[in-house]
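Structure record follows, encoded as C-alpha cells.
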Amino acid sequence: MSPDFNNGLVRFVRICLFDIDGTLLLSGRAGQRAIETVLRDRYNLTKPVEGINTAGRTDMAILYDLLQYYEIEPTVERIREFQNFYLEQLPIELERCPGEVLPGVIDRLEELQDHPDVHLGLLTGNLARGASLKINHYRLQHFFTFGSYGDHHINRDDVAREALVDIRQRFGGDVQSENIWIIGDTPADVQCAHAISARAVAVATGIYSTEELAPAEPDVLINDLTEVNLLKVLFGEDD
C-alpha cells in the first residue's frame, strides 16, 4: 500500500473488512425467511430444508445447494430468477423480523471511521444488493465505502481474493496483506483472511463460540466487539 507522507513521517493505512450477519448485526433470520418464502410461494416447495449449512458461506453456494436439494438444475437463468425473487422478498422480511445491531459495533465503527488512516469495507457472502438492503435497514451504510460480495463466487476465499484486487486498485498496488484485517464470526471468515495472508479478528456473536473459533487460529479472538480496541489492534498497540 502506498504510504502517506505527513510532516516527514511515513503513515501506512489500514483496511478493515467486516462480515455482516453475526458480526455487525442479527437480522432475525430475515434472509432465511426470505428464502423459505420464495421456495413456498414461487416454486411450491414446502419440504423442510435439512443439512445445508449457511454460516460463513456465500449466497451463491447456498443457492446451488438449495437447488440441488430440491433436484432443480442450477442453470444461469434459474439462479438469476431465484436471486431476483429473493431480493424482492428480503426487504419485507427485514421489516417483519426483529433484529439488532450487535454490541460494540457502532462504537468500534465510529472510532475506525474517525481515524484518517483507516478505511472500512465489507467482505460478505451476501449478494451485493442483499448486503446493501441489510446495512441500510440497520442504518450502517454510511460507515462503508466499498465491499466484496458473494454474487459470483462459491468459495468465500475467492471473495477475499477479489477484495484484495479491489483494495490494490483503490489504495495502491503495493498494498501489504498484513495491513488488511477481516472481522467475522465464523471459521470461514478466518480462513478467507488466511487465503490472502491478511489478519483476522474472530468474534463469537454468531453461532460459533470462542472455543469453536479458536482452531481456525484468528489473530484476535473475542466474545463481542465491546472487548477490543480495534485501533490498537490495527496499529500494533494492543497488549
Worksheet item: Is one or more of the residues making up segment 16-35 hydroxyl-bearing (S, T, Y), assigned to a loop (DSSP other than H, G, I, E, B) and more than 18 Å from K134 (Cβ to Cβ)?
Response: no
Item to complete: Restricting attention to strands (runs of 3 or more DSSP E) lying wholly within segment 180-239, give those where 2 or more residues are surrounded by fewer than 18 Cβ atoms within 10 Å (Cβ to Cβ).
Response: none
Discussion item. I'd like to verify a number: residues in segment 156-179 that are in a loop (DSSP other than H, G, I, E, B) and among the hydrophobic types (A, V, I, L, M, F, W, C), how many?
Written reply: 1
Item to complete: Could you please find all residues in segment 44-63 being in contact (Cβ under 8 Å) with a residue 60 or more places away in the chain and in contact with a Lys or Arg (Cβ under 7 Å, 6 or more places away or on another chain)?
Response: G56, R57, T58
Worksheet item: Do you know which residues across segment 41-81 are surrounded by 14 or more Cβ atoms within 10 Å (Cβ to Cβ) and small (G, A, S)?
Response: A55, G56, A61
Item to complete: Note down all Cβ pairs under 9 Å where the first residue falls in segment 221-239 and is of a type in the set (K, R), the second is at pLDDT below 95, and they're at least six residues apart or on different chains.
Response: K232/D238; K232/D239
Practice prompt. Would you mind telling me which numbered condition in (1) within 22 Å of E110 (Cβ to Cβ); (2) crowded, with 18+ Cβ neighbours inside 10 Å; (3) touching a residue at least 40 places away in the same chain (Cβ under 8 Å) F143 fails?
Written response: (3)
Worksheet, complete the sentence: Just one listed residue, out of V175, V118, V165, is surrounded by fewer than 23 Cβ atoms within 10 Å (Cβ to Cβ), closer than 24 Å to P103 by Cα, over 15 Å from the mean Cα position of the chain (by Cα) and assigned by TED's automatic domain parsing to the domain that holds I20, and it is V118
Practice prompt. Look through segment 84-103, keep the residues that are without any contact (Cβ under 8 Å) to a residue 60 or more places away in the chain and of a type outside the set (D, E), and return whichever of them is farthest from I154 (Cα to Cα).
Written response: I92
Worksheet item: Of the residues I15, I35, which is assigned by TED's automatic domain parsing to the domain that holds T210, at negative phi and touching a helix residue (DSSP H, G or I) at 6+ places or on another chain (Cβ under 7 Å)?
Response: I15
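The values are calculated or read from the model by the stated rules, or taken from the named source; none is laboratory data. Computed from a predicted structure; not experimentally measured. Here the Cβ is made from the backbone with ideal geometry for all residues, glycine too, and neighbour counts use every protein chain on show.
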